[in-house]
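*Asks:* Can you keep this structure in mind? I'll have questions shortly.
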Amino acid sequence: MYYRFTSSLAFILTLVLAIPSLANSTKLLGVKPTFERYQISTDFKVILPVLALDLVHSEQESVDELIVIGEDNQQVWLAAYAFNEKVNNFVLLDKLLLDRKYFAFDVSENGQGLYLLAKNQIVSLHYGDGEDQGRNVKAGLYLKHVEKVNSIFLLNESSFILKKNFIQDINQDGLDDIVLSDFEQMNLWLSNKEEQGLSYQALPIRAQAELIRSSVNFKPMNLFLGDFNLDTRQDVAWISKGQVNYFDQIPQGKFSINSQSVALADNIEGKNWWQIRGADGENLDQSNLVHRSVERIQDVNGDGLTDIIVRLTQSSGVLNRRNIHEFYFGFVNQHGHLEYPETASTVIQAEGTSTGLKIIDVNNDGKFEVLITSFELSVGNIIGALMSGGIDQNVQIFALNDNDIFDEDALIHKEVELRFSLTSGQSGEPIVLLTDVNGDALQDLVLSSGKKRLKIYLGQKSSRVFSRKASKHKLLLPKNGALFEHHDLNHDGKEDFIMHYGRLDEKSMENKITILMSK
């Protein structure tokens, strides 16, 4: 009994320590959302979140296709499902076998393209009906070569495939660009509206290297995008201690090879505390830890200037850690340059240990609200978690007042539950989502409530921001909220929900996909 308890306690502590790295139609306001429910049963185990893609292009408005990646007999399959009005459900369009050399995927920011990454190649997914033989159009799903690439990802093959952010519109010209970190530089392949193909450029941004006792770990430098020289173009930036370094965008959508910088407070860093090791090669001592790292860069207060969001971690022990989010609002100094204050313009201190941060304009007023999820950690909470298999998480939303200060008290405070399994060692996460469900241009708050209930608090233009009471929808939800996706499938301005089920759910659900389409 003692062994089982100590093992369970160790699992909870491991979970806690790992959290930082996990780290236009109209509808009357207040009308309860309703959904048409569909379900797909695949002939393989679904292993990744379901993607929605405009794969079969049509001049008429139609429902986007669902792209499903799964495994059967140690083979990885990619299947496309299209909505069929005659049977009033999604049906299999085609599927293809994926080579193990593809270890990552990404979707373009406009949702129009799906890309797969191999060691030295990127391909894109296409579908052909085979009707135009004169143009030699292929029939069914096929992969088309996009670009030969090189990066730090020197994998000949992989036992699994994951999501990586290597497709970005990095220069904001509306076209997909490729961004891949190499050991000594950042490799860019930039699209151009006036030229065919991609043009290559290398920026001298090194990968992060971490010395471990028996090895060296390399990971891409965290890139941030924003306008730092006030020329209205998006620049490419990375953080070093006490400054933002950036390459400014020049005409034709390329970037200068000479970096510039904007000063930050000296105690702000680009690395998280768990990525830093002491002189003895060990992780930092958490008994007396104070660390600031840049978490996000974007305009928060709606003045058109790029702001810096910093996570301040203060710890006096594993069970006594708190996260404070500091906001440094950019301003134009007397020389006409972007500058940041030495101390934070405003702060948010959520209850407990922060586990998630979302910044979104909830009420469409040009200023952004901040959603933070967190939980309280104590010996009592750990024992309760061991008994119940779950930990209560706080969901709080903070808003700027007229003086661009975040109020100390949260505008909204709700609770959800983080579930985990002591048997399998798997942990899930609750559903916490801000999206427009009823098409009124206001964000709605979507939360899971237990295993079989979804709550939706509709957005409203008032001081409360959301409706007091939630609409409740009964259905089987995945215990891992990361498997719950949203997308406007039929382009009616209302977000739809797509979900599949994972290891924490019943084995019989591993090939099931549920779709909730807003009416």
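*Asks:* Which members of the range 151-178 meet the condition of being assigned to a strand (DSSP E or B), out of contact with any Ser or Thr (no Cβ under 6 Å at 6 or more places or on another chain) and open to solvent by less than 10 Å² (accessible area, probe 1.4 Å)?
*Replies:* I178
*Asks:* Separate question: Would you say F90 is open to solvent by less than 60 Å² (accessible area, probe 1.4 Å), modelled with pLDDT of 95 or more and under 26 Å from F166 (Cβ atoms)?
*Replies:* no
*Asks:* Out of the residues in the range 129-145 that are of a type outside the set (A, V, I, L, M, F, W, C), within 17 Å of L53 (Cβ to Cβ) and modelled with pLDDT of 90 or more, which is least open to solvent (accessible area, probe 1.4 Å)?
*Replies:* Checked the range 129-145; the qualifying residue least open to solvent (accessible area, probe 1.4 Å) is G140.
*Asks:* Something else now. When you go through (1) modelled with pLDDT of 95 or more; (2) crowded, with 16+ Cβ neighbours inside 10 Å; (3) not polar (S, T, N, Q) one by one for A263, which number turns out not to apply?
*Replies:* All conditions are met except number (2).
*Asks:* Same structure again: Being buried (at least 19 other Cβ atoms within 10 Å of the Cβ), of a type in the set (S, T, N, Q), within 29 Å of D299 (Cβ to Cβ) and over 22 Å from the mean Cα position of the chain (by Cα) narrows it down to one residue among S240, S191, S181; which is it?
*Replies:* Numbers: S240 fails: buried (at least 19 other Cβ atoms within 10 Å of the Cβ); S181 fails: over 22 Å from the mean Cα position of the chain (by Cα).
On inspection, the qualifying residue turns out to be S191.
Yes/no per residue for (1) part of a loop (DSSP other than H, G, I, E, B); (2) of a type in the set (A, V, I, L, M, F, W, C):
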residue: K469; (1), (2): yes, no
residue: K472; (1), (2): no, no
residue: E485; (1), (2): no, no
residue: L489; (1), (2): yes, yes
residue: K494; (1), (2): yes, no
residue: M499; (1), (2): no, yes
residue: R503; (1), (2): yes, no
residue: I513; (1), (2): no, yes
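*Asks:* Oh, and also: Given the structure, is N165 touching a helix residue (DSSP H, G or I) at 6+ places or on another chain (Cβ under 6 Å) and closer than 23 Å to Q249 by Cβ?
*Replies:* In short, no.
*Asks:* Also, I was wondering about something else. Sort out which residues of the range 433-459 are open to solvent by 50 Å² or more (accessible area, probe 1.4 Å) and either part of a loop (DSSP other than H, G, I, E, B) or within 14 Å of A399 (Cβ to Cβ) (or both), and write them in order of number.
*Replies:* Selection gives A441, G450, K451, K452.
*Asks:* While we're on this one: Restrict the check to the range 301-308 and report whether at least one residue is farther than 21 Å from T346 by Cβ and loosely packed, with under 15 Cβ neighbours inside 10 Å.
*Replies:* Checked the range 301-308: no residue is farther than 21 Å from T346 by Cβ and loosely packed, with under 15 Cβ neighbours inside 10 Å.
*Asks:* Moving on to the next point. Hey, does the range 396-407 have a residue that's among the polar types (S, T, N, Q), closer than 23 Å to N272 by Cβ and modelled with pLDDT under 95?
*Replies:* Checked against the condition, which is being among the polar types (S, T, N, Q), closer than 23 Å to N272 by Cβ and modelled with pLDDT under 95, the range 396-407 yields at least one hit.
*Asks:* I want to confirm something. Restricting to the range 49-61 and keeping residues that are farther than 16 Å from S124 by Cα and at pLDDT below 95, which single residue is surrounded by the most Cβ atoms within 10 Å (Cβ to Cβ)?
*Replies:* P49
*Asks:* While we're here: Of all residues in the range 153-174, which are within 16 Å of E109 (Cα to Cα), among the hydrophobic types (A, V, I, L, M, F, W, C) and in contact with a Leu (Cβ under 8 Å, 6 or more places away or on another chain)?
*Replies:* Answer for the range 153-174, where residues must be within 16 Å of E109 (Cα to Cα), among the hydrophobic types (A, V, I, L, M, F, W, C) and in contact with a Leu (Cβ under 8 Å, 6 or more places away or on another chain): F166, I170.
*Asks:* Any idea which of (1) open to solvent by less than 50 Å² (accessible area, probe 1.4 Å); (2) under 24 Å from the mean Cα position of the chain (by Cα); (3) more than 21 Å from A482 (Cα to Cα); (4) not acidic (D, E) is the one Q112 doesn't satisfy?
*Replies:* (1)
*Asks:* Something else now. Does the range 494-501 contain any residue that is of a type outside the set (G, A, S) and open to solvent by 30 Å² or more (accessible area, probe 1.4 Å)?
*Replies:* Yes, the range 494-501 contains a residue that is of a type outside the set (G, A, S) and open to solvent by 30 Å² or more (accessible area, probe 1.4 Å).
*Asks:* List pairs: first in the range 62-73 and open to solvent by 10 Å² or more (accessible area, probe 1.4 Å), second among the polar types (S, T, N, Q) and outside any strand (DSSP E or B), Cβ under 6 Å, 6+ apart or cross-chain?
*Replies:* V63/N490
*Asks:* Sticking with this structure for a sec: Give me the pairs, please: first residue somewhere in the range 255-274 and closer than 23 Å to D169 by Cα and of a type outside the set (G, A, S), second residue anywhere and at pLDDT 95 or above and open to solvent by 70 Å² or more (accessible area, probe 1.4 Å), beta-carbon distance under 9 Å, and either six or more positions apart or on two chains.
*Replies:* From residues that are closer than 23 Å to D169 by Cα and of a type outside the set (G, A, S), the pairs are I257/P204.
*Asks:* If the Cβ limit is 7 Å and pairs must be 6+ apart or interchain, which residue in the range 341-366 that is assigned to a loop (DSSP other than H, G, I, E, B) pairs with which residue that is of a type in the set (K, R) and open to solvent by 20 Å² or more (accessible area, probe 1.4 Å)?
*Replies:* Matching pairs, first to second residue: D361/K367; N363/K461.
The values are calculated or read from the model by the stated rules, or taken from the named source; none is laboratory data. Quantities reported herein were computed from a predicted structural model and do not represent experimental measurements. Please note: Cβ atoms are built from the backbone with ideal geometry, for glycine as well, and neighbour counts cover all protein chains shown. Ligands, DNA and RNA are excluded from the accessible area calculation, which covers all protein heavy atoms including side chains. Shrake-Rupley method; radii C 1.70, N 1.55, O 1.52, S 1.80 Å.
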